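The structure appears right after this line, and notes come after that.
Coordinate-derived values only; no laboratory data. Because the structure is a prediction, the values reported are computed rather than measured. As a convention, Cβ positions derive from the backbone with ideal geometry for all residues, glycine included, and neighbour counts pool all protein chains shown.
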Amino acid sequence: MIGGKVLITGSSGLIGTAVTQRLMALGISCVTIDVRAVDPEHRIDICESGRIAPLLHDVTGIIHLAAVSRVIHGEHDPVRCHAVNVDATRSIIDAALLLPRPPWLIYASSREVYGQQEALPVNEDAPFRPLNVYAHSKVAAEQLVGKARAASLQTATLRFSSVYGSVNDHHDRVVPAFTAAAVRGDILRIDGTECCFDLTHVEDVANGIIRVVELLTDGERLLPPIHFVSGHGITLLELARMAIEIGGFRAQVNAATPRIFDVHRFIGDPARARALLGWQATTDLKSGIYRLAQDFIAQGIPAQDLG
């Protein structure tokens with residue numbers, strides 16, 4: 001049974017919004033902060049350690065989602081990426097460890113830490129092979145969380161894989177970008193037609209996080225890193241074709257070469273999440289994109305009948 005009060009950093013983001021809604025529906029008190037929050041009281045940059053520490057005194061847990069979360073943003077501003085993803089995470093951990101009764105901590109990492117693995121599907125014990133600034137920052141933060149656990153902090157590290165499912169996500173992320181373009185009948189730009197990824201719906205991810213919160217609340221201290229993956233891959237060309245079919249338009253594809261700082265292929269092994277959490281992805285990709293297309297249309301993007 002989940003109890004107490006939970007601090008959620010990055011609460012206005014894709015995953016943060018879904019998790020906050022789930023916890024509040026369960027009657028859990030949430031302290032939400034995000035640099036993009038509409039309410040000034042909750043609009044906090046996690047780099048402002050002086051504003052974060054006081055929030056920890058009466059919480060039982062922290063779900064740390066706030067981050068520079070786009071690979072390309074890390075490439076454009078590596079200093080900011082390190083400050084947010086590493087330095088601010090260190091400050092949160094340090095503040096938590098100073099408390100008489102430290103809260104548990106869920107750290108949101110990424111499948112980017114694996115880089116380009118030779119064998120697929122990838123399990124959680126695969127070696128770190130970060131390819132870009134963002135991935136390096138996530139590896140560094142995971143190491144901080146590991147040291148915090150050794151210092152007695154109750155922690156869990158979760159790695160997310162190409163999460164999608166909301167019209168309020170970054171507009172240039174591949175699934176919302178393809179879906180919005182498809183329902184408009186625009187051009188879908190593909191940076192590497194054969195690039196292959198394991199996509200997970202945000203509702204499935206939120207379900208997994210809630211399960212981890214339950215375990216931590218019950219005193220679990222030995223969870224190894226867990227990634228939330230479907231176990232199935234789809235190429236960007238296949239994804240584009242699916243979006244075009246669902247959108248009902250004859251949208252066009254503009255194929256470009258893959259970006260040099262991106263992982264080109266990833267499929268994850270969901271066995272650990274299933275064994276330890278009883279979790280598996282339940283939203284099939286076509287249904288998830290269909291729902292997203294409907295949401296875009298409801299917000300005013302014109303389209304013919306969905307396919």
Checklist outcome for this item: Of all DSSP beta bridges with both partners in the chain, the antiparallel percent, nearest 5, is 5
Checklist entry - What number comes out for the charge environment of Val113, summing +1 per Lys or Arg and -1 per Asp or Glu over other residues with Cβ under 11 Å away? => result +1
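List the GluC sites (Glu not before Pro) within segment 58-153 that DSSP assigns to loop and that have no more than 15 neighbouring Cβ atoms inside 10 Å.
In loop regions of segment 58-153 (DSSP not H, G, I, E or B), the sparsely surrounded GluC sites (Glu not before Pro) are Glu118.
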Checklist entry - Considering only DSSP states other than H, G, I, E and B, which trypsin sites (Lys or Arg not before Pro) in segment 141-242 qualify as loop sites with at most 13 other Cβ atoms within 10 Å? => result Arg221
Checklist entry - Pick from Gly219, Gly74, Gly231: which residue has the top mean-square fluctuation in a GNM of the chain where Cα pairs under 10 Å get a spring? => result Gly219
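Is the C-alpha gyration tensor of the chain telling us rounded, prolate or oblate? Criteria: a/c under 1.5 is rounded; beyond that, a/b larger than b/c is prolate, otherwise oblate. Before the final figure, lay out the partial values.
Working: a/c = 1.72, a/b = 1.54, b/c = 1.12.
Prolate.
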Checklist entry - For Lys138, which lysines qualify as cross-link partners when the Cα separation must be under 28 Å and same-chain residues fewer than eight apart are set aside? => result Lys5, Lys147
Item to check | MRE, 222 nm, helices only [DSSP H, n ≥ 4, -39500 (n - 2.57), over the chain, to nearest 500] | outcome: -11000 deg cm²/dmol
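Taking the Cβ of Gly61 as the centre, find all other residues whose Cβ is under 15 Å away and add up their charges (Lys, Arg: +1; Asp, Glu: -1).
That works out to +2.
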